[in-house]
Amino acid sequence: MSVGPTHTALKYCALVLFMGITIDPVFAFTFETKGSPTIKSKDGNFAMVFGARAHLDVHAFNDDKSNPAYPPFGSQVPNSHPEDGFNFRRGYTDVTARFYDLSFKFQNDFAAGTFPGSLREAWVAAKLGPGQLMIGQFKPFRSMEELTSSNEITMMERPSTTSSGIYSGRQWMMGMGYKGIFADQLGYAVDIMSVAHAGMPIAGASYGGRLFWVPFAEEGNTLHFGFSCSRDDPSSESLPAKVVDVYGGRRGISKSLGIAGAGGGPSGADSQTTWEVEAAYSIGPVTLQGEYANSRLDNTHLVAGGQKDSTIQAYYVQAGWFVTGERSIYRKERGAFGKPKPISKWGALELAVRYDLAENMSQSLAADPCGTGTSKCQVQIITLGANWYVRQGLRFMLNYYMTEAGIGHGGNSPTDRRDNLSVISFRTQLSF
């Protein structure tokens, strides 16, 4: 077989690159150990950063007592959740690299089971026009809290407007996306994804986008507004379109608020369409944040033999205050807030509170998308939090959850049924 001129040129280029790397291996790169271990080229065209995080949680549950006049549900049911104790929540290792305008990231969670199901981020990206094109597995461009790093979320768990509720189980998906910032104030992002993650067949389709506007972003004085929308069209081999809210922390109670396609019938519709609005304001050591999501699940139930859809709403409001005077950092490339370095040798102390609600607004005695046969389908959570940032890379978190899952009444009595679970959770977080 003859070798063409293009093939020959590529061989020579590879030889030159190899010689360039081997001629001066000692002086071409620098290695930094402060913070995350980093390898950099002296000309600034190459950088590789290594990272890791470990989140160790411990939980204590105070289950609700059932009313003998009604069947128990939620935490009232024995063995409805794991017992008190420890939980190795996350064990990430990752590497991120940049070579000129090309970058990639690989991140695996060893606490999430076996590979490739444990894979979190695995993508390559390149600068294209004013923005960046990404291909691989990453988070779809949805809400502010969804896109905040688990190392920087204020509470131990995300609210119901994220994959902990509205987008149940669809936090990491495979596909492509494009994002950028216009005039240093208007952020934009679009994505086309498979409704699946690594280890699953490429099946289903998800389309979405996000816009956010930052009128001003100064340290201790940042205002943010955002909007996102998405549509998930699953298949029999993909992740399902459903809303499952978890109350009482990740090891708490899973409450289904509806599953698209569960109604059956001839149409077979099983899609989910969601839109969200978000707002946040950071002033001095105080950060205020909130989001509202409205989601339609197709064909969740039948009424008189006819297929019916469900409308689920979810929202939260959250406030955080750095008692020691630190100020939240706004990460414009992500359109979300991060956490600052402590300014005192004793570390930083943050206090926070959040109210979170999710409900299926279509639930009634006649319509039963939640499968409870009752008049209501709602979850409310008040979370009190305290974070001690001992130093960069070490944080202790304490959360107290006061929850109420309400399923209303069954028609025989006007008395509403509720499950009131309370939980104390503590996390030790190590990262670099």
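So the values come out like this:
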item: Checking Tyr401 against (1) of a type outside the set (Asp, Glu); (2) assigned to a loop (DSSP other than H, G, I, E, B); (3) at pLDDT 95 or above, the condition it does not meet; result: (2)
item: Identity of the residue in region 146-166, in contact (Cβ under 8 Å) with a residue 12 or more places away in the chain and farther than 22 Å from Glu404 by Cα, that ends up surrounded by the fewest Cβ atoms within 10 Å (Cβ to Cβ); result: Ser149
item: Count of residues meeting criterion [surrounded by fewer than 14 Cβ atoms within 10 Å (Cβ to Cβ), in contact with a Ser or Thr (Cβ under 7 Å, 6 or more places away or on another chain) and in contact (Cβ under 8 Å) with a residue 40 or more places away in the chain] in region 30-48; result: 0
item: Within region 344-362, tally of residues that are touching a Ser or Thr at 6+ places or on another chain (Cβ under 7 Å) and in a loop (DSSP other than H, G, I, E, B); result: 3
item: Matching strands (runs of 3 or more DSSP E) fully within region 201-287 where at least 1 residues are farther than 18 Å from Ala314 by Cα and touching a Gly at 6+ places or on another chain (Cβ under 7 Å); result: 205-218, 221-233, 272-283
item: Residue in region 55-90 that is nearest to Cys377 (Cα to Cα), counting only those that are small (Gly, Ala, Ser) and surrounded by fewer than 17 Cβ atoms within 10 Å (Cβ to Cβ); result: Ala69
item: Flag if Ala260 is modelled with pLDDT of 95 or more and under 22 Å from Ile407 (Cβ atoms); result: yes
item: Region 376-392, residues that are modelled with pLDDT of 95 or more and either of a type in the set (A, V, I, L, M) or part of a loop (DSSP other than H, G, I, E, B) (or both); result: Lys376, Cys377, Val379, Ile381, Ile382, Leu384, Ala386, Val390
item: Some residue of region 163-172 being in a strand (DSSP E or B) and among the aliphatic types (A, V, I, L, M); result: no
item: Considering residues of region 167-188 that are under 16 Å from the mean Cα position of the chain (by Cα) and at pLDDT 95 or above only, the residue surrounded by the most Cβ atoms within 10 Å (Cβ to Cβ); result: Tyr167
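Quick grid of which residues meet (1) part of a loop (DSSP other than H, G, I, E, B); (2) under 23 Å from Gln392 (Cα atoms):
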{"residue": "Arg90", "(1), (2)": "no, yes"}
{"residue": "Ala97", "(1), (2)": "no, yes"}
{"residue": "Ser103", "(1), (2)": "no, no"}
{"residue": "Phe115", "(1), (2)": "yes, no"}
{"residue": "Val124", "(1), (2)": "no, no"}
{"residue": "Met134", "(1), (2)": "no, no"}
{"residue": "Asn151", "(1), (2)": "yes, yes"}
{"residue": "Thr154", "(1), (2)": "yes, yes"}
{"residue": "Arg158", "(1), (2)": "yes, yes"}
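The values are calculated or read from the model by the stated rules, or taken from the named source; none is laboratory data. Predicted, not measured: the structure shown is a model, and the values here were computed from it. Backbone-built Cβ (ideal geometry, glycine too); neighbour counts: all protein chains shown.
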